[in-house]
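Contents: one structure, followed by commentary.
The values are calculated or read from the model by the stated rules, or taken from the named source; none is laboratory data. Keep in mind that what you see is a predicted model, and the values were worked out from it rather than measured. Because the Cβ atoms are built from the backbone with ideal geometry, glycine has one as well, and the counts that use them run over all protein chains shown. Remember, those area values only see protein heavy atoms, side chains included, never the ligands or the DNA or RNA. Shrake-Rupley method; radii C 1.70, N 1.55, O 1.52, S 1.80 Å.
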Amino acid sequence: MTHVTANSSSSSPETSDAVEREAATTDTPRRAEYPHVEYPPLGPDSLTWQVWGTWTGMIQGLWAGSIQNMHPKLGQAVWDHSDFFGERWQRLMRSLYPIGGVVFDEYWGFETGKEVRDYHREIKGTMPDGSRYHALDPDVFYWAHATFWYGNVRLCERFGPWLTEDQKRQLFEESKNWYAMYGVSMRPVPETYEDFLEYWDHMCRNVLRDHESVRTVLDISTLPPPPYLSFIPTALWRRVIAPVVARNFIWLTTGFYDEPIREMMALPWTDRDEKLFRLLGKTYNLVFHRLLPRRPWRHPRARDAWDRVNGRVPADAPLVETPSRNLPPESERGKSMHYCPVHAARTATYPGRVTPAD
């Protein structure tokens, strides 16, 4: 069995081919030092940097979006305030930049975490029972973070690279550093990994609920092609491709759900489904984590961070931002809840180009 590796006192298995270390060294250039901070930014010596931030994580996209919205207050906030359902592809693709940036930017001195926090300051409203919600409610905000970092573990458990139990604990400890970048209350953060697992189980069994926003996230059958596949004729996409994509992504998402969530959502999962899912996971791990090089599969923001480490990009270069095709509609661009880098100095054009050139 192949496991990922990282410099850590909690886990030090032999170096393997599962994750490319990318030659990070103790004299790696960086823009900022944090000698007296309890939770300093994560860097290239962290396990999170190695297993987070690849396009292969998109296979879990519906799981992340739907399980976040199962939190009653978070789901209501999305339903009331977000234009996610009107421009889903663009919103998803541009959001990946600041979300991933909380992990990969802070090491270089950028404050992407606080930027993400501030997008949520004005998101508030009233629940159907008359109670109030706010996106920066610590319990709500931490739930969103939990789905990010623990989704990472769940993806590795099912599709690789395989993790040891010590490495899962390490990712939990690193998730505290990650969460601290937002500059919000650390009160909801469990003390240990075992405490977190109890928290997760409690949320799945007792707190999460079905919601219109959940069902809307899961229904991708009527979506147009994503912007990078806009060359596909609309009729071909909607009549032939979209139904197949939707059916298979629902199946994948059901495989990632905990059993209490499957029951709540009335999604069947048989022994045959489980066997096929495990076989797919083994194949996926072999192809993406053993046979193919890692750099081309990194999201531009993550790849840019590793390129700074290895000297491909100057350490003080501006951040790589989302391409213009993913920007919000012009009528929405002045709103404080949107990430909208209209005048970006460096813009990504996946798979490998950055404008201006690296």
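Taken together, the residues in the stretch 251-273 that are open to solvent by 50 Å² or more (accessible area, probe 1.4 Å) and either of a type in the set (A, V, I, L, M, F, W, C) or touching a strand residue (DSSP E or B) at 6+ places or on another chain (Cβ under 9 Å) (or both) amount to 3. Put simply, of R238, R308, R298, R262 the only residue that is in contact with a Phe, Trp or Tyr (Cβ under 8 Å, 6 or more places away or on another chain), of a type outside the set (S, T, Y) and over 25 Å from L163 (Cα atoms) is R308. With the condition kept exactly as written, say whether any residue in the stretch 57-64 is at pLDDT 95 or above and open to solvent by 30 Å² or more (accessible area, probe 1.4 Å). Within the stretch 57-64, not a single residue is at pLDDT 95 or above and open to solvent by 30 Å² or more (accessible area, probe 1.4 Å). When the stretch 231-248 is examined, which residues are found to be in a helix (DSSP H, G or I) and open to solvent by 60 Å² or more (accessible area, probe 1.4 Å)? Passing the criteria: T234, L236, R238, R239, V240, V244, R247, N248.
For (1) surrounded by fewer than 21 Cβ atoms within 10 Å (Cβ to Cβ); (2) of a type in the set (S, T, N, Q); (3) on the phi > 0 side of the Ramachandran plot; (4) not in a helix (DSSP H, G or I), each residue gets a yes or a no:
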site	(1), (2), (3), (4)
E115	yes, no, no, no
Y133	yes, no, no, yes
D139	yes, no, no, no
W143	no, no, no, no
W149	yes, no, no, no
L155	no, no, no, no
D166	yes, no, no, no
R169	yes, no, no, no
K176	yes, no, no, no
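Within the stretch 308-321, one or more residues are open to solvent by less than 60 Å² (accessible area, probe 1.4 Å) and in contact with a strand residue (DSSP E or B) (Cβ under 6 Å, 6 or more places away or on another chain).
Pull up the stretch 122-133, narrow it to residues that are touching a residue at least 60 places away in the same chain (Cβ under 8 Å) and over 21 Å from the mean Cα position of the chain (by Cα), then point me to the one that is farthest from A305 (Cα to Cα). Spell out how you get there, then give the answer.
Step one: filter the stretch 122-133 for residues touching a residue at least 60 places away in the same chain (Cβ under 8 Å), giving 122-123, 133.
Going one step further and asking which of them are over 21 Å from the mean Cα position of the chain (by Cα), we end up with 122, 133.
Details: E122: 30, Y133: 35 Å.
Out of the qualifying residues, it is Y133.
As an exercise: evaluate V214 against (1) surrounded by fewer than 18 Cβ atoms within 10 Å (Cβ to Cβ); (2) part of a helix (DSSP H, G or I) and give the number of the one condition it does not meet. For V214, the failing item is (1). Please verify whether A77 is in contact with a strand residue (DSSP E or B) (Cβ under 7 Å, 6 or more places away or on another chain) and of a type in the set (A, V, I, L, M), treating the condition exactly as stated. Yes; evaluated as a whole, the condition is true for this residue.
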